[in-house]
Every structure is written in C-alpha cells, then in structure tokens.
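Undergrad: Dropping a structure here in structure tokens format, bear with me for questions.
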Amino acid sequence: MCMEKDAIQEMGKKIGKVEEVETDESGECIGPFSRVRVSVDITQSLKKVLLLEVENGEEILRPVLYEKLPKICFCCGISGHQYRICQSYKGQPKDQLAFGAWMKVLTKAEKAKQNRNRDRWNREASQPNQDYQHQP
C-alpha cells in the first residue's frame with residue numbers, strides 16, 4: 001500500500017508535527033512502508049495504530065512503528081516511567097499491556113550494532129576459554 005507524499009503527510013499529522021516525509025523522486029513512498037519524521041509530545045500517550053480510509057471507502061487499521069523511541073511505559077505509552085510503577089498498571093503480564101517493544105523499529109545503525117554484538121558473542125562462545133585448564 002504505497003501512498004503519495006501528501007497522503008503520507010496527512011497520516012503523519014495524526015501522530016504529531018510532521019518534520020519530513022521520505023519519498024522517492026516521483027513523490028511516492030519507498031517500498032512497503034511510509035517513513036515520516038514526526039515530533040511527538042512524549043508526555044502524552046503515543047499512537048499505536050492509525051485508522052486509514054482506502055480508495056473504496058473501506059477503513060483499515062495500520063500499526064505505528066517508531067524509530068529512536070525513548071523508553072516508554074508499556075502500560076500507558078508515556079515516556080518517563082516504567083510500567084510497574086504506572087498508575088494504570090493492574091498487575092497484568094507484560095505481554096498483555098497495550099504498548100510494547102513491538103512499537104520500536106531498529107535503525108540501520110542499531111541493527112548493525114546488534115549484529116556486531118551478536119557476532120562477537122558467537123565468536124567468543126565458539127572459542128575455548130584459555131583461562132580454564134581441565135584437570136584430570
């Protein structure tokens with residue numbers, strides 16, 4: 001579902017103040033995602049989904065994913081505290097909370113760092129520990 005820049009900008013306005021819309025030379029989204037830089041008020045609950053109207057008048061829900069998202073409360077979606085101390089928290093399991101890590105998309109730099117760490121871990125795990133000497 002690729003959209004033109006104006007439609008993407010209107011969608012971004014539902015989330016916050018649109019700073020930039022990433023498009024190709026023809027003004028359409030790149031690939032299957034719309035990428036928008038939006039300023040949001042992190043003292044308010046973040047948007048999880050957007051209700052979009054498609055060409056035939058049908059409405060569909062689309063998840064909102066965030067890059068560079070600060071740590072947020074998985075219970076209320078506001079930055080500044082963790083879910084266990086949230087006033088809205090009622091003891092439910094973390095996977096049943098309204099917000100979660102699923103809202104965060106890793107940037108290319110974060111993915112590269114994660115891969116480097118995983119590669120280092122795999123290298124270290126596959127090498128015998130030189131400090132340990134087997135005693136018969």
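The values are calculated or read from the model by the stated rules, or taken from the named source; none is laboratory data. Since the model is a prediction, treat every value here as computed from it, not as a measurement. Heads up, the Cβs are rebuilt from the backbone with ideal geometry, glycines too, and the neighbour counts pull from every protein chain shown. Remember, those area values only see protein heavy atoms, side chains included, never the ligands or the DNA or RNA. Shrake-Rupley method; radii C 1.70, N 1.55, O 1.52, S 1.80 Å.
Undergrad: Note down the net charge around Arg84, summing +1 for each Lys or Arg and -1 for each Asp or Glu among other residues with Cβ under 15 Å from its Cβ.
TA: Net local charge, Arg84 excluded: +2.
Undergrad: Considering all projection directions equally, how large on average is the shadow of the alpha-carbon convex hull of the chain, in square nanometres?
TA: The number I arrive at for the chain is 14.2 nm².
Undergrad: So which of Lys68/Lys104; Lys17/Lys47; Lys13/Lys48; Lys68/Lys111; Lys5/Lys47 end up more than 18 Å apart, counting from Cα to Cα?
TA: Values: Lys68/Lys104 8 Å; Lys17/Lys47 13 Å; Lys13/Lys48 14 Å; Lys68/Lys111 12 Å; Lys5/Lys47 20 Å.
As for pairs spanning more than 18 Å Cα to Cα, those are Lys5/Lys47.
Undergrad: So, by mean Cβ neighbours within 10 angstrom, what's the order for 16-22, 105-111 with the highest one leading? List each step's numbers first, then the result.
TA: Values: 16-22: 14.3, 105-111: 11.0.
Answer by packing, highest mean first, reads 16-22, 105-111.
Undergrad: Keeping all protein chains in place, calculate the accessible area per residue for region 42-108 (probe 1.4 angstrom), answer in Å².
TA: Here the per-residue accessible area is 72 Å².
Undergrad: Follow-up question, since we're still on this one. For region 24-79, just say rounded, prolate or oblate: build the C-alpha gyration tensor, square-root its eigenvalues into a ≥ b ≥ c, call rounded for a/c under 1.5, and beyond that prolate if a/b exceeds b/c, oblate if not.
TA: oblate
Undergrad: For the chain, build the charge dipole from Cβ charges (+1 Lys, Arg; -1 Asp, Glu) around the Cα centre, then report which of Ile42, Leu61, Ser126 sits farthest towards its positive end.
TA: Ser126
Undergrad: Next up: For the chain, what proportion of DSSP beta bridges, expressed in % and rounded to the nearest 5, is antiparallel?
TA: Looking only at bridges with both residues in the chain, the antiparallel portion is about 90 percent.
Undergrad: Same structure again: If you count, for each residue, the other Cβ atoms within 10 Å and average over each peptide, how do 68-77, 49-58, 33-42 line up from highest to lowest?
TA: 68-77, 33-42, 49-58
Undergrad: Taking 0.36 nm per intervening residue step and subtracting the Cα-Cα distance, what contour gain separates Leu106 from Asp41 on full extension? Walk me through the numbers before you get to the answer.
TA: Numbers: separation 65, 0.36 × 65 = 23.40 nm, distance 2.06 nm.
21.3 nm is the gain from fully extending Leu106 to Asp41.
Undergrad: Let me ask another. How high is the FRET efficiency from Asp95 to Asp24, r the C-beta distance, R0 35 Å, rounded to 0.05?
TA: 0.40
Undergrad: When the accessible area of the chain is computed with all protein chains present and a 1.4 Å probe, what percentage of it is carbon and sulfur?
TA: Carbon and sulfur atoms account for 49 percent of the accessible area of the chain.
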